[in-house]
Amino acid sequence: MIKLPGLIDPHVHMREPGQTHKEDWDSGTSAALAGGVTMVLAMPNTKPPIFDASTLDLALGAAKEKARCDYAQFLGAGPDNIDWGRHKALPLQAAGLKMYLDQTFGELRLDSMTLWQSHFQNWPKNLPIVAHSESRSMAAVILMAAIYDRPVHIAHISLKEEVLLIKAAKERGIKVTCEVTPHHLFLTEEDISAIGGASLRLAPTGATGRGEVRPRLAAKEDVEALWQNLDVIDCFATDHAPHTLAEKDSETPPPGFPGVETLLPLLLTAIHEGRLTINDVLSRMVTNPRRIFSLPEQPETWIEVDEKAEYELRAANMHSRCGWTPFEGWQVKGRVTRVVLRGREAFKDGKILVEAGYGRNVRAQKNVESTEVSFRALRMIK
Ligand code: DOR
Ligand code: ZN
């Protein structure tokens with residue numbers, strides 16, 4: 001048995017409000033705990049999207065009632081909420097600002113570069129901005145970070161050109177950080193047919209079936225470049241994006257994979273194979289996300305792992321409402337056996353033991369002061 005700190009997943013989709021047939025704060029945070037994740041940062045592409053005080057209240061109200069692990073909620077950058085200077089308290093109540101600069105699930109894509117600029121100028125400099133920006137839009141957003149001299153975190157990088165550009169930007173002192181998902185580390189486009197899905201049979205050319213995801217699964221060469229440049233990658237984030245099996249098997253499958261329950265077994269297996277060290281995982285799942293997103297420590301919180309347990313990943317044993325995983329049947333080594341969250345046994349031997357509502361908002365008013373203090377402290381260190 002090994003004991004590790006609770007993991008932080010800075011990129012999940014909890015689907016509430018609005019799409020609770022896919023997931024909700026209860027099922028999604030239960031899945032997180034079962035995966036050894038004790039804190040999640042939730043994305044704003046819900047229905048409605050989270051972009052102002054009243055929609056933030058909707059998401060946080062549901063989370064307060066139902067979440068079983070700790071959390072914070074992102075606000076989305078839209079065309080009508082650029083005036084962040086007038087809403088000083090609101091940004092501090094969010095995990096950060098999420099900017100969707102490329103097409104994906106939901107309606108939050110920002111096309112106008114003038115809007116990107118406004119958000120970059122108006123969102124408080126000391127609070128996180130996360131960009132969904134692939135390929136050339138990533139290059140543009142890094143330029144903006146340099147011009148406005150503020151940090152930006154790039155979500156789910158997947159391409160060789162992306163990791164190399166971020167490496168070069170970091171070498172020049174631009175304040176850019178990035179994350180990679182387990183599916184972009186462990187799957188390539190060659191796995192799409194094995195992942196399966198009805199639409200592969202319905203429209204064989206160009207269809208990706210259940211393998212539909214944004215960014216798309218990449219070529220082997222891209223995946224190899226991510227592994228070769230692990231030192232450039234600051235965080236592992238699942239982009240846990242549950243859609244039901246019926247939706248994934250429809251003619252037009254929505255993009256997204258569930259991920260919180262398969263993340264740690266995959267990483268532990270990679271450690272066992274000598275491809276990663278335990279410190280590689282802890283820096284990317286605990287210390288770096290805590291620093292980048294200025295998250296509080298969770299006292300009396302740890303996870304216990306049976307690093308020798310060998311078994312097959314099965315969606316049937318998981319807690320997510322979506323009912324499937326792209327890693328079905330994968331042989332892994334390493335199982336989360338117990339999770340203790342703020343002094344309470346939260347998960348043991350496959351069972352969730354804390355009640356809905358036990359999870360805390362790490363950006364709640366009482367924590368905002370400590371968020372500001374730690375941002376100030378970070379600025380002093382820099
Ligand atoms: O595949 C994806 N699914 N990529 C995203 O950026 C969004 C996500 C979702 O919300 O389903
Ligand atoms: Zn996402």
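The values are calculated or read from the model by the stated rules, or taken from the named source; none is laboratory data. A quick note: this is a predicted structure, and the numbers were derived from the prediction, not measured. Every residue, glycine among them, receives a Cβ derived from its backbone with ideal geometry; neighbour counts consider all protein chains shown. Side chains included, ligands, DNA and RNA excluded: accessible areas come from the protein's heavy atoms. Shrake-Rupley method; radii C 1.70, N 1.55, O 1.52, S 1.80 Å.
Within region 242-266, the set of residues being among the small types (Gly, Ala, Ser), at pLDDT 95 or above and open to solvent by 10 Å² or more (accessible area, probe 1.4 Å) comprises just one member, 246. Within the set 206, 256, the sole residue that is at positive phi and without any contact (Cβ under 8 Å) to a residue 60 or more places away in the chain turns out to be 206.
Cβ separations smaller than 8 Å between residues 6+ apart or across chains give the following pairs from region 216-245 residues that are farther than 16 Å from residue 266 by Cα and of a type in the set (S, T, N, Q) to residues that are within 14 Å of ligand 1 (Cβ to nearest atom) and open to solvent by 30 Å² or more (accessible area, probe 1.4 Å): 244/21; 244/321.
A quick yes/no check of all residues on (1) away from ligand 1 (no atom under 15 Å from the Cβ); (2) among the small types (Gly, Ala, Ser):
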| position | (1), (2) |
| --- | --- |
| 176 | yes, no |
| 196 | yes, yes |
| 260 | no, no |
| 265 | yes, no |
| 279 | yes, no |
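Against the list (1) at positive phi; (2) within 16 Å of ligand 1 (Cβ to nearest atom); (3) not aliphatic (A, V, I, L, M), the condition residue 132 fails is (1).
If you go through region 12-24 one residue at a time, do you hit one that is open to solvent by less than 10 Å² (accessible area, probe 1.4 Å), in a helix (DSSP H, G or I), touching an Asp or Glu at 6+ places or on another chain (Cβ under 7 Å) and within 16 Å of ligand 2 (Cβ to nearest atom)? No, that holds for no residue.
For every residue, the table says whether it meets (1) surrounded by fewer than 17 Cβ atoms within 10 Å (Cβ to Cβ); (2) in contact with a Leu (Cβ under 9 Å, 6 or more places away or on another chain); (3) among the charged types (D, E, K, R); (4) at pLDDT 95 or above.
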| residue | (1), (2), (3), (4) |
| --- | --- |
| 270 | no, yes, no, yes |
| 278 | yes, yes, no, yes |
| 282 | yes, yes, no, yes |
| 290 | no, no, yes, yes |
| 295 | no, yes, no, yes |
| 313 | no, yes, no, yes |
| 324 | no, yes, no, yes |
| 338 | no, no, yes, yes |
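Looking across region 195-222 at every residue that is more than 19 Å from residue 240 (Cα to Cα) and modelled with pLDDT of 95 or more, the one that is surrounded by the most Cβ atoms within 10 Å (Cβ to Cβ) is identified as 222. Being away from ligand 2 (no atom under 16 Å from the Cβ), more than 20 Å from the chain's Cα centre (by Cα) and acidic (Asp, Glu) is a property that residue 273 has.
Of all residues in region 143-171, none satisfies the criterion of being free of Cβ contacts under 8 Å to residues at least 12 places away in the same chain and either under 14 Å from residue 184 (Cβ atoms) or part of a loop (DSSP other than H, G, I, E, B) (or both). Scanning region 306-321 for residues that are in contact (Cβ under 8 Å) with a residue 60 or more places away in the chain, touching a helix residue (DSSP H, G or I) at 6+ places or on another chain (Cβ under 8 Å) and farther than 13 Å from residue 30 by Cα yields a count of 1.
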